[in-house]
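The structure appears below as structure tokens.
The values are calculated or read from the model by the stated rules, or taken from the named source; none is laboratory data. Computed from a prediction, not measured in an experiment: that's the story for all the values here. Positions of Cβ are generated from backbone atoms using ideal geometry, with glycine treated the same way; all protein chains shown enter the neighbour counts.
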Amino acid sequence: MIFFSKNYSVYVIVFCCFTLYGRVTGRCVGPPHFTSQWTEVEAQTTKSSVTLEHECGEFPAKVELQIRPLAGNSSNFYFPGLGSAQRDDDINRTYGGIVYKYNKFEVILYIPKANDGYPSGVIIYTGGSGWRGPVSQRETRARVRVLVWCPGDLPAPAYQSGWIPLYNSGRGSFLEIAHHQGTLPDLVTVQVQQNGSEWLSDGIGSMTALGPSTSSWGGVIYGYNASHVRIWAPCRNNGNLFSAEDGWGSSSEKWSSGLVKVTAWRITNVFTLTYPLDSNSKPQTALNTTYNQDTDLLIVRVRADTGENRGFLFPAAGAVQNDETVSSFGGVVYSSSRDSLRIWTPASPGPGYLLYINNDWGNSMYPQSSKTATLVVHVWKSASCDFPTTTAHRLTTGISLVPLSSSANFATQWKAQDNKVSTTSIDSVAVAVGVGGAVILLLITGLILGRVLWKRKNRNRVREEKGG
């Protein structure tokens, strides 16, 4: 007993260090740090925006919206939000969705509301004759909630760039960034920051048909493969990096330039489902796993199997933004329940594509028009998190822009290289100092606790000897 007591501090130290090791090198996605209450929203009312405090106190690593109908057989199927509007109220065609942006403290949701045009915006919309799917949904009222993962709720990223300038014109509207992983990352995000502010939005995966030349629209398209992340911003026709104006209430949000940051993770607690998409694919499929809509993270991507972006994965969308039947458009819309996925795709034959990027994006670099593709579904199950059996992948930081072509944005590459001493480098030092300090603190705590327990045990032994 004396030997055990004297060495109790060693066991405490080992336990504390092992716990810290699991926190630092773990490769699991935990539950969200913040989940808002369900809020009922309605399109075309005076309340065209909702502000929610997310409690992170820093830029979130991941923000997800869940939008559900009020009642009926579809109320357990949730749609995601939109990183930018690609429609306004200038034409009398239905569009849907909730657009969001966020900062270190809040998430703002933008609800469709006519400004000076047609009141054609709704909350949930899965398209008309130009789209095919399991059911047709057009909802002016719905419930929405926000799930926010702070940086500490995800493992340390395997790669993170600095903040890189991006513009809505010319060569500055395209970026290609090497993430140095040598394999397909499990999770990739592209965050867009408004110039001169701390507001962020998220990248999107495809484009809709454009309206009149005066229309307000925007977004930043991105896709990634095993070596690179490609980023397209609008480069003509009045497009912006982010848009939520003229059809989204009193909001006049539009960002013509900004900064983007790429983050990639290698994660263990992930379930993956692949599903071929074409004109004959079924519009609903089983997930083959249980998705906890309260705590798990579900991401749906569309993989290009042909064209100049073959092998790249692009985010799927949460609503049809344009029901155009003549001009070309693209996108895959989805909603998910605990065990099923519903999928809406452009009808074929027709002008719609599963993936579509035309010459109005990214200085006309790597256009894409796919009639067939593969749906890739990832579910990160927070309940399956455990201590890792292998150490986490080494973090790669900084910026590595690859040569694009003779028409590539040489000036943008120079600015990005000049931006190497960025928040990422500072964050890396801060993380190292923080981890080192935490280790020392835990060691000291373990020694003190072990010493106290040993003294207490020793006093009890002395009392027993005196009593004997």
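Annotations
- Scanning the range 44-58 for residues that are of a type outside the set (Gly, Ala, Ser) and assigned to a loop (DSSP other than H, G, I, E, B) gives 44, 45, 46, 47, 54, 55, 56, 58.
- Per the listing 208, 189, the residue uniquely in contact with a Phe, Trp or Tyr (Cβ under 6 Å, 6 or more places away or on another chain) and not acidic (Asp, Glu) is 208.
- The range 142-162, subset under 30 Å from residue 48 (Cβ atoms) and more than 16 Å from the chain's Cα centre (by Cα), residue surrounded by the fewest Cβ atoms within 10 Å (Cβ to Cβ): 143
- Verdict on residue 258 being part of a strand (DSSP E or B), touching a Lys or Arg at 6+ places or on another chain (Cβ under 6 Å) and at pLDDT 95 or above: no
- Scan the range 177-208 for residues that are closer than 27 Å to residue 238 by Cβ, over 18 Å from the mean Cα position of the chain (by Cα) and of a type in the set (Ser, Thr, Tyr) and the total you get is 2.
- Residue within the range 102-123 that is of a type in the set (A, V, I, L, M) and within 21 Å of residue 73 (Cα to Cα) present: yes
Condition check ((1) under 26 Å from residue 192 (Cα atoms); (2) at pLDDT 95 or above; (3) surrounded by 23 or more Cβ atoms within 10 Å (Cβ to Cβ)) across all residues:
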residue: 53; (1), (2), (3): yes, yes, no
residue: 79; (1), (2), (3): yes, yes, yes
residue: 88; (1), (2), (3): yes, no, yes
residue: 116; (1), (2), (3): no, no, no
residue: 123; (1), (2), (3): yes, yes, yes
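- Residues in the range 285-304 that are over 21 Å from residue 202 (Cα atoms) and either crowded, with 20+ Cβ neighbours inside 10 Å or touching a Gly at 6+ places or on another chain (Cβ under 8 Å) (or both): 291 only.
- Residue in the range 209-262 that is surrounded by the fewest Cβ atoms within 10 Å (Cβ to Cβ), counting only those that are of a type in the set (Ser, Thr, Tyr) and within 16 Å of the chain's Cα centre (by Cα): 224
- Exactly one residue out of 196, 133, 223, 162 is at pLDDT below 95 and not aromatic (Phe, Trp, Tyr): that is 196.
- Here is the figure for the range 362-384: residues that are within 18 Å of residue 317 (Cβ to Cβ) and among the basic types (Lys, Arg) total 1.
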